[in-house]
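The values are calculated or read from the model by the stated rules, or taken from the named source; none is laboratory data. Every value quoted in this text rests on a predicted model; they were computed, and no experiment measured them. Every residue, glycine among them, receives a Cβ derived from its backbone with ideal geometry; neighbour counts consider all protein chains shown. The accessibility values were calculated without ligands, DNA or RNA, using every heavy atom of the protein model including side chains. Shrake-Rupley method; radii C 1.70, N 1.55, O 1.52, S 1.80 Å.
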Amino acid sequence: MRNLSSQAAQVLENEAWLESFKQLYESLHAQWASTAHEEWRKREMLYERIQALQDVRMKLETLMATGALS
């Protein structure tokens with residue numbers, strides 16, 4: 001059985017993952033940046049989604065580096 005570190009590395013190096021992450025991040029960021037001042041709820045929701053997306057990548061990077069989830 002492969003260890004979690006190498007599995008995380010495979011995900012982070014996978015072209016489909018990289019392109020999907022990039023497109024989703026760019027889409028969310030563009031939506032966030034184009035919200036009007038009074039659309040604070042929408043802006044906050046988009047910010048939280050961006051943070052969650054980055055958290056997933058950070059967890060995978062940590063797993064790849066340490067072999068364990070923190």
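Identify, from the list Glu39, Glu15, the residue that is open to solvent by less than 80 Å² (accessible area, probe 1.4 Å) and acidic (Asp, Glu). Write out each step before concluding.
Numbers: Glu15 fails: open to solvent by less than 80 Å² (accessible area, probe 1.4 Å).
The unique qualifying residue is Glu39.
For the stretch 18-37, how many residues meet the condition of being free of Cβ contacts under 8 Å to residues at least 12 places away in the same chain and assigned to a helix (DSSP H, G or I)? Write out each step before concluding.
Filtering the stretch 18-37 for residues free of Cβ contacts under 8 Å to residues at least 12 places away in the same chain gives 18-20, 22-23, 26-27, 30, 33-37.
Checking which are assigned to a helix (DSSP H, G or I) leaves us with 18-20, 22-23, 26-27, 30, 33.
Within the stretch 18-37, residues that are free of Cβ contacts under 8 Å to residues at least 12 places away in the same chain and assigned to a helix (DSSP H, G or I) number 9.
Out of the residues in the stretch 38-70 that are outside any helix (DSSP H, G or I) and within 15 Å of Ala9 (Cβ to Cβ), which is modelled with the highest pLDDT? Before the answer, list the steps.
Pass one, the stretch 38-70, residues outside any helix (DSSP H, G or I): 38-39, 67-70.
Next, only the ones that are within 15 Å of Ala9 (Cβ to Cβ) stay: 67-69.
Details: Gly67: 81, Ala68: 76, Leu69: 72.
Among those that are outside any helix (DSSP H, G or I) and within 15 Å of Ala9 (Cβ to Cβ), it is Gly67.
Within the stretch 38-70, which residues are free of Cβ contacts under 8 Å to residues at least 24 places away in the same chain, closer than 22 Å to Asn3 by Cβ and among the small types (Gly, Ala, Ser)?
The answer is Ser70, and nothing else.
Restricting attention to the stretch 47-63, report how many residues are β-branched (Val, Ile, Thr) and open to solvent by less than 60 Å² (accessible area, probe 1.4 Å).
First, pick out the residues of the stretch 47-63 that are β-branched (Val, Ile, Thr): 50, 56, 62.
After this cut, where a residue has to be open to solvent by less than 60 Å² (accessible area, probe 1.4 Å) as well, the list is 50, 62.
Number satisfying all stated conditions: 2.
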